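The values are calculated or read from the model by the stated rules, or taken from the named source; none is laboratory data. As the structure is a prediction and not an experimental result, all values here were calculated from the model. Counting neighbours? That spans all protein chains shown, and the Cβs are built from the backbone with ideal geometry, glycine included. Side chains are part of the model used for accessible areas, which takes the heavy atoms of the whole protein and leaves out ligands, DNA and RNA. Shrake-Rupley method; radii C 1.70, N 1.55, O 1.52, S 1.80 Å.
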Amino acid sequence: MRLAYWMYEGTAHHGVARVMNSMRKTHAVFHAPQGDGYVNTIFTMLERTPGFPAMTTSVVSGTDLARGTLRLPETLRQVEAAQHPDLIVVVASCSTILLQENLEIAAHQSGLACEVMVYDANPYRMQETAAAEGLFTELVKKYATSQPLTPMPSVNILGPSSLGFHARHDLISLRRIFKTLGVAVNVVAPWGASVDDLRRLPAAWLTIAPYRELGRLAAEYLEAQFGTAALCDAPIGVQPTLRWLDAVVEQLNTVGARLAVPPSPLKLPPLTEFSLDGMSAPSNVPWFARTADMESFSGKKAFVFGDATHTVGVTKFLADELGMPIAGAGTYLVKEADWVRSQLQGYVSDADFLATDEFQQVADRIGQLRPELVCGTQMERHTGRRYDLNVMVISSPTHIENHLLAYRPFLGFDGADVIADEVSTTCTLGMEKHLIDMFGDAGLELVESPSVPSADPVLVSNGKAAVAPVAVVADVVKPTNGHAPEGQPSNGVASSAGAPTSGQATPAPVVNPVWTADGEAMLKKIPFFVRGRARGNIEKYAREHGIATITAEVLLAAKEHLGA
Amino acid sequence: MPPKAQFTREDGIYHSFCGLVSVGWLYQKIKDSFFLILGTHTCAHLLQNTMGVMIFARPRFAISLLEEADLSSAQPAIADQIAEITREHHPSVIFLLSSCTPEVMKVEFEGLAQSVSTPEVPVLFVPASGLDFTFSQSEDSVLQALIPFCPEAPPDDKRVVFLGSVNDAIADDFLFEASRLGIPVAGFLPANHFHELPPIGPGTIIAPLQPFLAKVANQLTNDRGATVMSSLFPFGPDGCRAFWEDLAAHFDLKVDLSEREAASWARIKEHTDLLKGKKVFLSADTLLELPLARFIRAAGAEVLECSTPYINRRFHARELALLDGVRLVEQANFERQLRSIAEEQPDLVISNIITANPLIGHGVVAKWGTEFIFSPIHGWAGVNTLVSLFTRALRRHARLDPLGNDPVWMAGVMPGAPEIIPLTRG
């Protein structure tokens, strides 16, 4: 047992809900206490669903347990009557699975006309990703039917799903690419697919499964069972997209050549045709990366942490296409750690690679590295705020702020532009920074205020502060302003020194240096937006040199030492 | 015996949260507390998605995570975690909350809490499992756990204790109002700090501020002989008048607040004009629904239905009496409610947060009920906030262009539901 504050992955039943809510005429039924239906909110609030998510809780209460009541058959009848689904997937919860009931029999008793599948997702062995991938693969195995290929080249796109990271945008990007290539999309799944669509999967010439987390196993199954070629790379960045396009064309032409009446081979059209207006560069990244302004990025170190697909794709993109040094990378999908590590050979050393699903370990690593850019999940944003670091979100889990309206794919040429924009607006300041560094705060001092996070989670909306506004503000401000009460470790130090979950060696002995007035005054001259980081670096310098008091002199020495 | 109010009980297939969400406000209210939930990944995922922002504040709540290997052990070992929490957070009290899985495992929580409790840092068991508790209900459990720590008041200590967690501004408002009426106040349960709990004894009048605290009120009578005031809850001009007049009567003070009430209604006339004759349907899950329905009805609206997780005939007696003729439903069936909404065409639906966006997507003007829990709607000072919560959705909807009624503007948002059939006509 351990203390947990944050989870990277959702639960197994959340994974099931994501697949069911992606598909048409399918429905998830949770055999669970009523509160387990909270996953609904994640869909209705983050995705702002105008319909009711395809999930219903068949309530199990304490009274039901005492009386031996099983409400599942009745719930299933109600769901069928109201939703008319083709398929209902029943899943137990972390509590009801311990009851070891036979849900198959209960489901059968309901006497439904539609198909009912009891999905065995043990929440103690499986989390969101494995449950979603497992269920989707099982559905593809169940429904995919052998049939002739489409007469013209076509692809399946497997993986886009409800609450998938920028999934809707990625799908638009992929559809644009296939339209430009003149290749038909046979089936997209699970996004918008019915069980009939799953039956049609083997008609495609090629299956695209860009996400390591969802769709890959189904693509591999289709290849093994029906000979449908599979392309499981993620086209993240310009170079990977170009290679991916070559692979798409080559694989489709290989299939075409096998046909009795082959259509004429596909050719890659001029690259400008992939742009939005059909006459420009398909991506602005290669030129952008070479501009003078981007020079200042070449020394900025980045730390990347997320799911498998995005950690690999974004790390390579930053290194290969923007020329940024990689301070470290890792994934919370511990089961995918070997794959991610092997993909990042040459980018990240084993010592700089982190595979953990414990939030505090990631926070500690970031605290030690103090990179100029953190690419992570919404949790790393919290860590970034604590250490005053620049953070961009590149992977689930997300936050309402990541669910924006404009087209923001991560895949394809369009995606490369989006990621590069995000990097440059997150890191801020090229030439501008030199000016401010030269002349001090340039009158910006007045702008300084403690950063306060937006009140934002799903349930706790604006009114939260109404309960105890003082507590909220005080708690929030404390970690960011760096002034800890006497006898308390100051912000960043607290967690790296005190966190018991950390597997990292912490520098010992930990002394928390004290600032003198002239030291503070000198620190004030450092531009406010880098001041927090400077404070951290100087304190680190002081600790490493056994200095207990930071005077102006120490600050200058530290600046010199750090080359700042 | 309280009058036999008419309500129906359905099968409870609606969307809601479990009692653990109460932690979201209680850990902030009791400032030197820590909430430890013995639970699973599911509990952690719930809290993360409902209270996500609080991580930033070094939250004073955490999950003691039950993993597969822990399922076989008869009694979970939490001593190390309690030590860690004490070391890192220095709480004055730790609440140990149950959840569904340990409940099914039949963990003996009382004993577990006792085994790690010390006189310096008591560890108090709080039943909160989703098998038995919904949403705000577990505040009731937390307050029950605090009773033994309230000093015993002597029989001649005749003062009021306000029951329910409210923020400091509301508390000040109630203190001020009480002193104006000459009502002596012993304090609030809960107080802001563990060691500030009010003395409670046979002379104490308990004035419930929240409608979800029936059990603790009852227990205060049983354990301490305190008198629980039966009145309206202090929401809206009508509720506040009844609340204060009834409370004053307990202290043999004759108070007539009719002018105060009239002035309060006059101040929100702009809102009540808008609400007059509007058809309102309450389908929320916070347990505030009965007093909200009573208020909105007094404000001139027609309440088509008021559903709420639980109705307590005695604790809610006065509210129920004023809701005579309104369709009251306990443990509603949400699909049935959707059919009723389609049939009866409400102007406003107070829903829970889970269903608000989909209801709006179906052409319904919906307001999420959760916001009432997190807003200062108590007392005279809260009247404007309270009524504004009802009218904001109506006003905003009226102001927006009519484009939103065309399903084309929702196309592509929800992959599994390409066509949404509106519940509303025109």
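Could you go through the range B:100-112 and let me know if any residue there is of a type in the set (Ser, Thr, Tyr) and surrounded by 24 or more Cβ atoms within 10 Å (Cβ to Cβ).
yes
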Check: Since B:Ser92 meets every condition but one in (1) polar (S, T, N, Q); (2) at pLDDT 95 or above; (3) open to solvent by less than 10 Å² (accessible area, probe 1.4 Å), which condition does it not meet?
Finding: (3)
Next item on the list: Filter the range A:278-290 down to residues that are open to solvent by less than 30 Å² (accessible area, probe 1.4 Å) and either in a helix (DSSP H, G or I) or at pLDDT below 95 (or both), then give me how many there are.
Entry: 2
Notebook entry, point to check: Any idea which of B:Glu335, B:Glu419, B:Glu344, B:Glu371 is in contact with a Ser or Thr (Cβ under 8 Å, 6 or more places away or on another chain), charged (D, E, K, R) and in the same structural domain as B:Leu304 (by TED's automatic domain parsing)?
Noted result: B:Glu371
Note to self: Anything in the range B:344-379 that is more than 11 Å from every other protein chain (Cβ to nearest Cβ), out of contact with any Phe, Trp or Tyr (no Cβ under 8 Å at 6 or more places or on another chain) and either free of Cβ contacts under 8 Å to residues at least 12 places away in the same chain or surrounded by fewer than 24 Cβ atoms within 10 Å (Cβ to Cβ) (or both)? List them, or say none.
What the structure shows: B:Gln345, B:Asp347, B:Val365
Next item on the list: Would you be able to say whether some residue in the range B:123-135 is without any contact (Cβ under 8 Å) to a residue 12 or more places away in the chain, within 13 Å of chain A (Cβ to nearest Cβ) and closer than 24 Å to B:Ala191 by Cβ?
Entry: no
Item checked: Total residues in the range B:410-421, condition within 9 Å of chain A (Cβ to nearest Cβ) and either of a type in the set (A, V, I, L, M) or in a helix (DSSP H, G or I) (or both) -> 5
Checklist line | strands (runs of 3 or more DSSP E) enclosed by the range B:276-391 - at least 1 residues per element that are in contact with an Asp or Glu (Cβ under 8 Å, 6 or more places away or on another chain) | finding: B:279-283, B:302-308, B:327-330, B:348-351
Item checked: Boolean, A:Pro53 is in contact with a Lys or Arg (Cβ under 6 Å, 6 or more places away or on another chain) and modelled with pLDDT of 95 or more -> no
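Kindly establish whether A:Met7 is at the interface with chain B (Cβ under 7 Å from one of its Cβ atoms), more than 18 Å from B:Gln48 (Cβ to Cβ) and under 29 Å from the mean Cα position of the chain (by Cα). Before you say what the answer is, go through the steps one by one.
Details: at the interface with chain B (Cβ under 7 Å from one of its Cβ atoms): yes; more than 18 Å from B:Gln48 (Cβ to Cβ): no; under 29 Å from the mean Cα position of the chain (by Cα): yes.
No, not satisfied.
Do we have any residue at all in the range A:337-351 that's buried (at least 22 other Cβ atoms within 10 Å of the Cβ) and touching a residue at least 40 places away in the same chain (Cβ under 8 Å)? Explain how you work it out, then say what you get.
Initial filter on the range A:337-351 (buried (at least 22 other Cβ atoms within 10 Å of the Cβ)): A:340, A:344, A:348.
Then drop every residue that is not touching a residue at least 40 places away in the same chain (Cβ under 8 Å), which leaves none.
There is no residue in the range A:337-351 that is buried (at least 22 other Cβ atoms within 10 Å of the Cβ) and touching a residue at least 40 places away in the same chain (Cβ under 8 Å).
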Next item on the list: Could you grab me the full set of residues in the range B:148-174 that are under 11 Å from B:Pro190 (Cβ atoms) and surrounded by fewer than 20 Cβ atoms within 10 Å (Cβ to Cβ)?
Entry: B:Phe149
Item checked: Complete set of residues in the range A:356-375 that are open to solvent by less than 20 Å² (accessible area, probe 1.4 Å) and over 18 Å from A:Ala4 (Cβ atoms) -> A:Ile366, A:Gly367, A:Pro371, A:Leu373, A:Val374, A:Cys375
Notebook entry, point to check: Out of the residues in the range A:48-69 that are farther than 21 Å from B:Phe135 by Cα and surrounded by fewer than 19 Cβ atoms within 10 Å (Cβ to Cβ), which is nearest to the other protein chains (Cβ to nearest Cβ)?
Noted result: A:Arg48
Check: Just checking, how many residues over the range A:321-330 are within 23 Å of A:Met379 (Cα to Cα) and open to solvent by 10 Å² or more (accessible area, probe 1.4 Å)?
Finding: 3
Checklist line | Members of the range A:18-44 that are more than 7 Å from chain B (Cβ to nearest Cβ) and either without any contact (Cβ under 8 Å) to a residue 60 or more places away in the chain or over 18 Å from A:Ala131 (Cβ atoms) (or both) | finding: A:Lys25, A:Val39
Note to self: Residues to consider are A:Leu333, A:Leu318; find the one that is hydrophobic (A, V, I, L, M, F, W, C), crowded, with 23+ Cβ neighbours inside 10 Å and touching a helix residue (DSSP H, G or I) at 6+ places or on another chain (Cβ under 6 Å).
What the structure shows: A:Leu333
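What residue, of B:Arg224, B:Arg294, B:Arg241, is within 30 Å of B:Leu359 (Cα to Cα) and not small (Gly, Ala, Ser)?
Working: B:Arg224 fails: within 30 Å of B:Leu359 (Cα to Cα); B:Arg241 fails: within 30 Å of B:Leu359 (Cα to Cα).
None of the other options fit; the residue is B:Arg294.
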Item checked: Matching residues, the range A:102-118, being within 36 Å of the chain's Cα centre (by Cα) and either open to solvent by 90 Å² or more (accessible area, probe 1.4 Å) or over 14 Å from A:Arg77 (Cβ atoms) (or both) -> A:Asn102, A:Leu103, A:Glu104, A:Glu115, A:Met117, A:Val118
Notebook entry, point to check: Can you pull out the helices (runs of 4 or more DSSP H) entirely within the range B:73-116 that have at least 2 residues that are among the small types (Gly, Ala, Ser) and either under 25 Å from A:Asp36 (Cβ atoms) or away from every other protein chain (no Cβ under 13 Å) (or both)?
Noted result: B:109-116
Check: Going through the range A:78-110 one residue at a time, which ones are closer than 20 Å to B:Asp11 by Cα and among the small types (Gly, Ala, Ser)?
Finding: A:Ala81, A:Ala82, A:Ala92, A:Ser93, A:Ala106, A:Ala107, A:Ser110
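Mind checking whether some residue in the range A:176-184 is assigned to a helix (DSSP H, G or I), closer than 17 Å to B:Pro415 by Cβ, more than 14 Å from chain B (Cβ to nearest Cβ) and within 26 Å of the chain's Cα centre (by Cα)? Steps first, answer last, please.
Residues of the range A:176-184 that are assigned to a helix (DSSP H, G or I), as a first pass: A:176-181.
Narrowing further to those that are closer than 17 Å to B:Pro415 by Cβ: none.
Checking the range A:176-184: not a single residue is assigned to a helix (DSSP H, G or I), closer than 17 Å to B:Pro415 by Cβ, more than 14 Å from chain B (Cβ to nearest Cβ) and within 26 Å of the chain's Cα centre (by Cα).
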Next item on the list: Working only within the range B:149-173, note down all residues that are under 19 Å from B:Gly203 (Cβ atoms) and out of contact with any Leu (no Cβ under 6 Å at 6 or more places or on another chain).
Entry: B:Pro151, B:Glu152, B:Ala153, B:Pro154, B:Pro155, B:Asp156, B:Asp157, B:Lys158, B:Arg159, B:Val160
Next item on the list: Identify, from the list A:Gln368, A:Gln378, the residue that is under 19 Å from the mean Cα position of the chain (by Cα) and at pLDDT below 95.
Entry: A:Gln378
Checklist line | Residues of the range B:14-52 that turn out to be touching a residue at least 24 places away in the same chain (Cβ under 8 Å) and open to solvent by 20 Å² or more (accessible area, probe 1.4 Å), as a count | finding: 5
Check: Is the range A:77-85 home to any residue that is within 14 Å of another protein chain (Cβ to nearest Cβ), surrounded by fewer than 24 Cβ atoms within 10 Å (Cβ to Cβ), at pLDDT below 95 and closer than 22 Å to A:Asp357 by Cβ?
Finding: no
Item checked: Every residue from the range A:15-36 that is in a helix (DSSP H, G or I), over 10 Å from A:Val91 (Cβ atoms) and either open to solvent by less than 10 Å² (accessible area, probe 1.4 Å) or of a type in the set (Phe, Trp, Tyr) (or both) -> A:Val19, A:Asn21, A:Ser22, A:Gly35
